[in-house]
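Written out below as structure tokens is the structure these notes cover.
The values are calculated or read from the model by the stated rules, or taken from the named source; none is laboratory data. Remember, predicted model here, so these are calculated numbers, not experimental data. Reconstructed Cβ throughout: ideal geometry from the backbone, glycine too, with neighbour counts over all protein chains shown.
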Amino acid sequence: MSRKIYNKLIRDKIPEIIKSKGKVPKVSVLTEEKYRKALKEKMGEEAKELLEAKTNNDILNELADIQELIKAIAKNHRITIKAVENKRKKKKRERGSFKKKIFLKYVD
């Protein structure tokens, strides 16, 4: 049997899914400090996967993962999703959105 090393945060039901395929996962529960770090690392992983996504379905999958991470990170920091949405709206009012597709090349 070959061993594949992951060393990353996974969704809660992944160990059961792995077991259902006849494999044996080795898992541990993270401390609060390590969990916070792992959530941010996972966000970087998902952002990279979004950059590499080719189809709308791939993009949808990555966006769903990112949204789940946003909820987990907010909850871990005792921030409500409503607070996140309010901050998003405030920043949109003050700085705009991305509708105009403006790309900044440089500033002199």
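Structure data summary
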{"quantity": "The one condition in (1) at pLDDT 95 or above; (2) in a loop (DSSP other than H, G, I, E, B) that Tyr35 fails to fulfil", "calculated": "(2)"}
{"quantity": "Pair list, Cβ < 7 Å and 6+ apart or interchain, from segment 59-87 residues that are part of a helix (DSSP H, G or I) to residues that are among the acidic types (Asp, Glu) and loosely packed, with under 11 Cβ neighbours inside 10 Å", "calculated": "none"}
{"quantity": "Total residues in segment 60-108, condition surrounded by 11 or more Cβ atoms within 10 Å (Cβ to Cβ), among the hydrophobic types (A, V, I, L, M, F, W, C) and more than 13 Å from the chain's Cα centre (by Cα)", "calculated": "4"}
{"quantity": "Qualifying residues in segment 1-32 (those that are part of a helix (DSSP H, G or I) and under 22 Å from the mean Cα position of the chain (by Cα)) - the one nearest to Ile73 (Cα to Cα)", "calculated": "Glu32"}
{"quantity": "Complete set of residues in segment 46-58 that are in a helix (DSSP H, G or I) and either of a type in the set (D, E, K, R) or over 25 Å from Thr80 (Cβ atoms) (or both)", "calculated": "Glu46, Lys48, Glu49, Leu51, Glu52, Asn56, Asn57, Asp58"}
